[in-house]
1. For region 26-39, just list the computed ³J(HN,Hα) in residue order, Karplus coefficients 6.51, -1.76 and 1.60, θ = phi - 60°, integers in Hz, with x standing in for Gly and Pro.
2. Which FRET efficiency value, to the nearest 0.05, is calculated for Glu57 and Ala115 with the Förster distance at 35 angstrom and r the Cβ-Cβ distance?
3. Starting from the Cα of Asn7, step 7 Å along the direction of its Cβ; do the same at Phe100; then give the gap between the two resulting points in nm.
4. Find how many whole Å separate the alpha carbon centroid of region 73-135 from the alpha carbon centroid of region 1-56.
5. What does the charge count around Ser18 come to, taking other residues whose C-beta lies under 15 Å from its C-beta (Lys +1, Arg +1, Asp -1, Glu -1)?
6. What trypsin sites (Lys or Arg not before Pro) does region 29-135 have in DSSP loop regions with at most 10 other beta carbons within 10 Å?
7. So how strong a dipole does region 1-131 carry about its Cα centre when Lys and Arg Cβ are +1 and Asp and Glu Cβ are -1, to the nearest 20 debye?
8. Which length gain, in nm to one decimal place, applies between Ile130 and Ile72 when the Cα-Cα distance is subtracted from 0.36 nm times their residue separation?
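Every read-out reported here was derived from the displayed coordinates using simple, explicitly stated rules and does not represent laboratory data. Bear in mind that the values here come from a model prediction, so they are computed numbers and not experimental data. Cβ: placed from backbone, ideal geometry, glycine included. Neighbour counts: every protein chain shown.
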Amino acid sequence: MFKNLINTQLRPGRVNFSLLFLRVTIGGMMLTHGYGKFLKLLDGNLKFGDPLGIGSELSFVLVVLAEFFAAIGLILGFWTRINAFLLSFTMFVAAFIRHFDDPFSKQEKPLMFLAVFLVLMFVGGGKHSIDDKIN
């Protein structure tokens, strides 16, 4: 048993299950952030910051697209790399622009999300994804 824990060989079955687990958990966590924003959007409440200088309404719509719709796509493994890129960009802005002057404790969560989304952007959704079924 200990030998399995220190074995450095990649096992395709374990890697693909790990990617599924990662997509579903991190996508689900991001979805909890996006769902509230999505409801605000449906109510017409577009008050939001303007971290990129493109207007607060457009910024809000783009954040909802990423945190809600791209999170759903990530969970399903649909356009995984594209959705992971959108989420990575959103978390980059959150960490390095929106929370730039804040203490590290405010930057930490978007940085952790960013790290995971970058991994998914580079490796894709794995075998247990819609991407794999349509390729």
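1. After applying 6.51 cos²θ - 1.76 cosθ + 1.60, I find 6, x, x, 5, 5, 4, 5, 6, x, 4, x, 5, 4, 5 Hz.
2. Once the sixth-power term is evaluated, E becomes 0.75.
3. For Asn7 paired with Phe100, the spin-label model returns 4.9 nm.
4. A separation of 6 Å, based on Cα centres.
5. Around Ser18, the charge tally is +3.
6. Passing sites in region 29-135 are Lys47.
7. 600 debye
8. Here the answer is 19.7 nm.
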